[in-house]
Amino acid sequence: MWILLWREPRSDALVWPGRRALAAIDALAWPLLWIVVARHLPEPAGVVEPVVIALAVLSVTARVNRALWSNERYWFTTWRWGRIVAGLMLIGVVMKLAVSV
């Protein structure tokens, strides 16, 4: 038996002056980070490096297109992962304070 869960589409983001430029930077930064990481893999990476680079280039084209032309549908990756990283750092600081007392 198949169970299908239907999720409502996300509402459009608020568009403000400068959002298009920041969205384009965000859309370029993350796939470029993937490429840098792929280029610094150990030497016998085999086919992994070219595949990661190809996927990153495909991702850049889709993300920049959405960031520039459908800006209300673009959601910032930095904001999404930044909250997670900030939460983990906060947990680390609290643990460090708890251990040092």
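Let me spell it out: the conditions are (1) out of contact with any Ser or Thr (no Cβ under 9 Å at 6 or more places or on another chain); (2) open to solvent by less than 70 Å² (accessible area, probe 1.4 Å); (3) part of a helix (DSSP H, G or I), and Arg80 meets all of them except one. Which number is the exception?
Unmet condition: (2).
Every residue in the stretch 41-71 that is under 27 Å from Asp12 (Cα atoms) and touching a Leu at 6+ places or on another chain (Cβ under 9 Å), please.
Across the stretch 41-71, the qualifying residues are Ala56, Val60, Arg63, Val64, Ala67.
Anything in the stretch 1-53 that is aliphatic (A, V, I, L, M), closer than 15 Å to Trp75 by Cα and either touching a residue at least 12 places away in the same chain (Cβ under 8 Å) or open to solvent by 80 Å² or more (accessible area, probe 1.4 Å) (or both)? List them, or say none.
The answer is Ala13, Leu14, Val15, Leu22, Ala23, Ala24, Ile25, Ala27, Leu28, Ala29.
Checking Ala38 against (1) out of contact with any Asp or Glu (no Cβ under 8 Å at 6 or more places or on another chain); (2) more than 25 Å from Val15 (Cα to Cα); (3) of a type outside the set (Lys, Arg): exactly one of these is not met. Which one?
Single failed check for Ala38: (1).
Among the residues of the stretch 1-46, which ones are farther than 19 Å from Ser59 by Cβ and among the β-branched types (Val, Ile, Thr)?
Once the filter is applied, which keeps residues that are farther than 19 Å from Ser59 by Cβ and among the β-branched types (Val, Ile, Thr), the stretch 1-46 yields Ile3, Val15.
When only residues in the stretch 83-101 that are in a helix (DSSP H, G or I) and β-branched (Val, Ile, Thr) count, which is farthest from the chain's Cα centre (by Cα)?
Looking at residues that are in a helix (DSSP H, G or I) and β-branched (Val, Ile, Thr), I get Val99.
Glu72 is checked against (1) in contact (Cβ under 8 Å) with a residue 60 or more places away in the chain; (2) loosely packed, with under 11 Cβ neighbours inside 10 Å; (3) assigned to a helix (DSSP H, G or I) and fails just one. What number does that condition carry?
(2)
The values are calculated or read from the model by the stated rules, or taken from the named source; none is laboratory data. A quick note: this is a predicted structure, and the numbers were derived from the prediction, not measured. Every residue, glycine as well, gets a Cβ built from its backbone with ideal geometry; the counts of neighbours run over all protein chains shown. The protein model used for the area step is the full one, side chains on, heavy atoms only, and it has no ligands, DNA or RNA in it. Shrake-Rupley method; radii C 1.70, N 1.55, O 1.52, S 1.80 Å.
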